[in-house]
Amino acid sequence: MSCTKTSYVCLPCRGSYKQPAEGGHERRCPRCAAPLIRAGSAFAAPRRRDTAAWRTLSVLLNAGVDFHRSCCGGPGYRPRTLGEVKERMAYARATGEPFARALVRSELP
C-alpha cells in the first residue's frame, strides 16, 4: 500500500502540512514562504508551543532522519528528548558512526 500524502514541516513557524507526495517541485510554507522540509508519511507534529520537541525535531530533520513508514508500519525509533539526541550524538562522535544512523538507534551499546 502506498501513501499518497506526506507531511512537510516549516521549522521556523513550527508548522506541519500534509500534501500529496508526488511532484518534484519545492514546497513553501504558507505563512513565511520558507522551503518546507519533507518529514514523511508517519510524522506526527508536536504542539507548536513545545519548544524542546521542535528543537529535537530540527536536529533529526537536519541530520536527514525522516518519518516514513517501514515494513512494520511505523518509522521505527526516533529520539523524543534533547537528552536522547545528545547521548546519540556523543556516541556518534566517539565511534565515528554517521549521525543519522546513531540518532535512530533504540539503544546504545
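With respect to Leu82, determine if the residue is open to solvent by less than 40 Å² (accessible area, probe 1.4 Å) and under 14 Å from the mean Cα position of the chain (by Cα). Lay out the reasoning, then the answer.
Details: open to solvent by less than 40 Å² (accessible area, probe 1.4 Å): no; under 14 Å from the mean Cα position of the chain (by Cα): yes.
When the stated conditions are applied, Leu82 does not pass them.
Restricting to the range 4-14, what's the tally of residues that are in a loop (DSSP other than H, G, I, E, B) and touching a Lys or Arg at 6+ places or on another chain (Cβ under 7 Å)? Walk me through how you get there before you give the answer.
So the first thing to find is which residues in the range 4-14 are in a loop (DSSP other than H, G, I, E, B), and the list is 4, 11-14.
Next, only the ones that are touching a Lys or Arg at 6+ places or on another chain (Cβ under 7 Å) stay: 13-14.
The total comes to 2.
Yes/no matrix, rows are residues, columns are (1) of a type in the set (Asp, Glu); (2) in contact with a Phe, Trp or Tyr (Cβ under 6 Å, 6 or more places away or on another chain); (3) within 22 Å of Ala102 (Cβ to Cβ):
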site: Arg31; (1), (2), (3): no, no, no
site: Ala42; (1), (2), (3): no, yes, yes
site: Thr51; (1), (2), (3): no, no, no
site: Arg55; (1), (2), (3): no, no, yes
site: Val59; (1), (2), (3): no, no, yes
site: Tyr77; (1), (2), (3): no, no, yes
site: Glu84; (1), (2), (3): yes, no, yes
Checklist line | Residue selected from the range 2-57 under the condition at positive phi and open to solvent by 20 Å² or more (accessible area, probe 1.4 Å), by the criterion nearest to the chain's Cα centre (by Cα) | finding: Arg14
Next item on the list: Write out, first by first residue and then by second, each pair whose Cβ atoms fall under 6 Å of each other, whose residues are 6+ apart or on separate chains, and whose first residue, in the range 85-96, is touching a residue at least 24 places away in the same chain (Cβ under 8 Å) while the second is surrounded by 12 or more Cβ atoms within 10 Å (Cβ to Cβ) and not in a helix (DSSP H, G or I).
Entry: Val85/Pro79
Notebook entry, point to check: How do the pairs read when you match residues in the range 64-78 that are modelled with pLDDT under 80 with residues anywhere that are of a type in the set (Lys, Arg), using Cβ under 7 Å and keeping only pairs 6 or more apart or on different chains?
Noted result: Pro75/Arg69
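Condition check ((1) free of Cβ contacts under 8 Å to residues at least 24 places away in the same chain; (2) touching a helix residue (DSSP H, G or I) at 6+ places or on another chain (Cβ under 7 Å); (3) under 17 Å from Leu60 (Cβ atoms)) across all residues:
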{"position": "Pro12", "(1), (2), (3)": "yes, no, yes"}
{"position": "Gly15", "(1), (2), (3)": "no, no, yes"}
{"position": "Gln19", "(1), (2), (3)": "yes, no, no"}
{"position": "Gly24", "(1), (2), (3)": "yes, no, no"}
{"position": "Arg27", "(1), (2), (3)": "yes, no, no"}
{"position": "Pro30", "(1), (2), (3)": "yes, no, no"}
{"position": "Ala39", "(1), (2), (3)": "no, yes, yes"}
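The values are calculated or read from the model by the stated rules, or taken from the named source; none is laboratory data. On a predicted model such as this, the values are computed, not experimentally measured, just so you know. Virtual Cβ from ideal backbone geometry, glycine too; neighbours counted across all protein chains shown. Accessible surface is based on the protein model in full, side chains and every heavy atom, while ligands, DNA and RNA are left aside. Shrake-Rupley method; radii C 1.70, N 1.55, O 1.52, S 1.80 Å.
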